[in-house]
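Visitor: Below you'll find the structure I mean.
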Amino acid sequence: MRSHPDIAGEVLRLEYTAMSLNPNARLYGRRSLLELLDRSRPRDRVCLEAFERELDVPWALYHVRRLFLLSESGKRRPVMRSTERVDTGRPQQLAQRLISVSERHGIDVEHDPLYGRARAWLRPRRAAWPMTEELFVTAPARMINKQEDTFEQEWHACSPAPPPGSTLT
């Protein structure tokens, strides 16, 4: 990465975006690439500056839902996902909107003031399957709307009543 900082910046953005939507989506092992870089080291600083340039794009507010379901035999099924772009704008603007609306509904927000991401969990992931997960998050506007054909039907069958703030938009 240090030999090709522009590529490093792009890879860092890819991982940051993936981890925005799913904190477990590190590209390489247990630590994120950002955790491996130290701004005090000149070659790392160049990579981080390339990453910051990659983040200087329009951002989006996403509504993300996941279903962790079991088959009839009790085995884990593949996770079903729904990612919907709700709005676009600048990172600070979207983060402030998410923070403001979340606070009105009593929902905590994780905010990364250094790079811009904000995340509000409406339904955090539990430890045991089956379960649902739902959040609103800001990230670079690189993700497209994506949802499996039977997602809504499964979601409504598995989800309890909407939590407060489920209409954060």
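Visitor: Taking only the Cα atoms of the chain, how large is their convex hull per residue, in Å³?
Guide: 127
Visitor: Take the stretch 1-71, drop everything but the C-alpha atoms, weight them equally and run the Debye formula without solvent; then report log10 I(q)/I(0) at 0.19, 0.21, 0.26 Å⁻¹ to two decimals.
Guide: Taken in order of the listed q values, log10 I(q)/I(0) reads -0.79, -0.91, -1.20.
Visitor: Here is a follow-up. Averaging sequence separations of C-alpha pairs under 8 Å and six or more residues apart, then dividing by the length of the chain, give the relative contact order as a whole percent.
Guide: Details: 292 pairs, mean separation 38.7, N = 169.
With pairs under 8 Å counted, the relative contact order is 23 percent.
Visitor: Quickly estimate the mean residue ellipticity at 222 nm for the chain, helices only: each DSSP H run with n ≥ 4 gives -39500 (n - 2.57), and the total goes over all residues, rounded to 500. Don't jump to the answer; show the numbers that get you there.
Guide: Working: 5 runs with 57 residues, N = 169.
That calculation yields -10500 deg cm²/dmol at 222 nm.
Visitor: Same structure, new question: Beyond 21 Å, what percent of the Cα pairs of the stretch 59-125 remain?
Guide: Result for the distance tail: 36 percent.
Visitor: What nm value, rounded to one decimal, do you get for the distance between residue 79 and residue 125 when each label is placed 7 Å out toward the C-beta?
Guide: Output for this residue pair reads 0.4 nm.
Values in this text are rule-based calculations from the coordinates and carry no lab data. Computed from a predicted structure; not experimentally measured. Cβ coordinates were reconstructed from backbone atoms using ideal geometry, including for glycine residues, and neighbour counts include every protein chain displayed.
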